[in-house]
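Contents: one structure, followed by commentary.
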């Protein structure tokens, strides 16, 4: 195995750098979708009505119980069959977003169930309405365990984006595979893609830690 | 004759096969302080919890000043299950102090006392703060207004919880073993506040406690609860001096011997 610095700087870097934003975009949008959709899934899941709660629970289990790649293929090849044709990137964001929404839903549920029953009772005894109870009492107390978990999912999603190369989304992994097959040299392109992921993961981890400390400091003193 | 402030008529509460309230009857007059005593785990607390609507009941009727509580009058005059709005209207007249305080840990003492007055009663922030400061002063904690519950002792937390309940201006106050979770040296500071409420104000109060000395001192009436109903009740002096029921005697002997 030999490493070609000239090839690295003249071919690989100039082609990988421009697709970094695609990876970041896929990560951020998938994460936002997961965070919001997860909230809805959780609300359905804890509904008082069995007819809503049970199917929602089954759906979450279904999503969590099958590989993300299978789900991506499912969306990519089956949505067009029912007349919905989306660009690959959109399909990918949808797939990763939905998969992680199911995971987020469970994180939310765990966070909310960790709030002691006495807090609900105190809110009720003080005659607070449902909205105020959630907004001022329950959600602030369930955030400290939720925030770090969401941070981990953000990093997890970021590392899942190479799966989008299977849908021919022009992200980092896809670009490095293309370079590899064009020049019959995979070493530099794949190594660099890996390095990008490592560096960005580390940066993201530091950011997540900062947010975590801020949240726990501002909520639980 | 005026309606009693609180009236339980044949109230039943079951958890599966377990009957916690078994045809309970009780009347409490406005301004009366009634103490409920009885063996641990007998369901004394449930009496307060159904009154606070933290639990639903299977049978019976609870009225506040003659107004049905768990049910409401329909347009035709019959009784139908109470709506949320009806429950909230009646709940506004009742305040509760819990065994484990249940303060909101992410709010200061003051924050705990203004949250509901602002968002439930609709007071302005300035009004709510004024009222809360008065009450914190009354329970002797004006210097702790900006402390979080974790920075307060158990006795101080319970006093904040009392101020928080009073800030809603309830007519009825429920105390659910308010000193049971406290270290012994903190019991008195909380009892002192309750004593003050009993003597200087006209709240109707229901107190579940194991503090027999305190019950004897402040109550207008003591009720002995066992097996899902009240076995015996009476003015404290008579009640403690000559309990009529065998179960009451056994209980009092055990509790008083432990002291």
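Bear in mind that the values in this text are calculations on the coordinates, not laboratory data. For clarity, every value in this text was computed on a predicted model and none was experimentally measured. Glycine gets a Cβ as well: all are built from the backbone with ideal geometry, and neighbour counts include every protein chain shown.
Below is a table of values for the structure above.
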read-out	value
The protein assembly as shown: Cα Rg divided by the 2.2 N^0.38 Å rule of thumb	1.34
Least to most buried among A:174, B:210 (fewest other Cβ within 10 Å first)	B:210, A:174
Pairs of Cα atoms farther than 19 Å apart, the range B:1-155, %	64
Shape box of chain B [Cα atoms, principal axes, largest first, Å]	55, 50, 39
Neighbouring partner chain Cβ atoms per residue of B:100-108, average, 10 Å criterion	6
Three semi-axes of the equivalent ellipsoid, the range B:139-259, Cα gyration tensor, whole Å, largest first	29, 16, 12
Most mobile listed residue (A:113, A:141, A:71) in chain A, GNM with C-alpha springs under 10 Å	A:113
Mean projection area, nm², convex hull over Cα of the range B:65-159	7.8
10 Å Cβ neighbours from other chains, averaged over peptide A:112-121	3
Exercise: per-residue mean of other protein chain Cβ atoms within 10 Å, B:91-98	3
Gaussian network model of chain B, Cα within-10 Å springs - most flexible of B:177, B:233, B:58	B:58
Computed helical MRE - 222 nm, the protein assembly as shown, DSSP H runs ≥ 4 contributing -39500 (n - 2.57), nearest 500	-17000 deg cm²/dmol
The range B:103-169, Rg to Rh (Cα coordinates; Rh as Kirkwood inverse mean 1/r)	0.93
Relative contact order %, chain B, counting alpha carbon pairs below 8 Å whose residues are six or more apart	25
Angle between chain A longest axis and helix A:68-78 axis [Cα atoms, degrees, rounded to 10]	80
Dimensions in Å of the range A:49-130 - Rg and Dmax from alpha carbons	18.1, 54
Choice from A:105, A:125, A:204 showing the highest fluctuation, given a GNM over chain A with Cα pairs closer than 10 Å	A:125
Where only alpha carbons of the range B:80-120 are counted, the Rg and the Dmax (Å)	13.0, 41
Rounded D (µm²/s) - the range A:99-156, Kirkwood Rh over Cα pairs, Stokes-Einstein at 25 °C, 0.890 mPa s	202
Highest average packing first - B:160-170, A:128-138, B:47-57, Cβ atoms within 10 Å	B:160-170, B:47-57, A:128-138
P(r) tail fraction, the range B:202-259 - alpha-carbon pairs more than 15 Å apart, %	47
Taking all pairs of distinct alpha-carbon atoms in the range A:1-147, Kirkwood radius in angstrom	18.3
Long-range tail of P(r) for the range B:138-201 (Cα pairs > 16 Å, %)	44
Using alpha carbons only: equivalent-ellipsoid semi-axes of the range A:86-221, gyration tensor based, whole Å	42, 17, 9
Counting DSSP beta bridges with both ends in the protein assembly as shown, the antiparallel % (nearest 5)	55
Tilt relative to chain A, helix A:187-219 - C-alpha long axis, 0 to 90 degrees, to 10	20
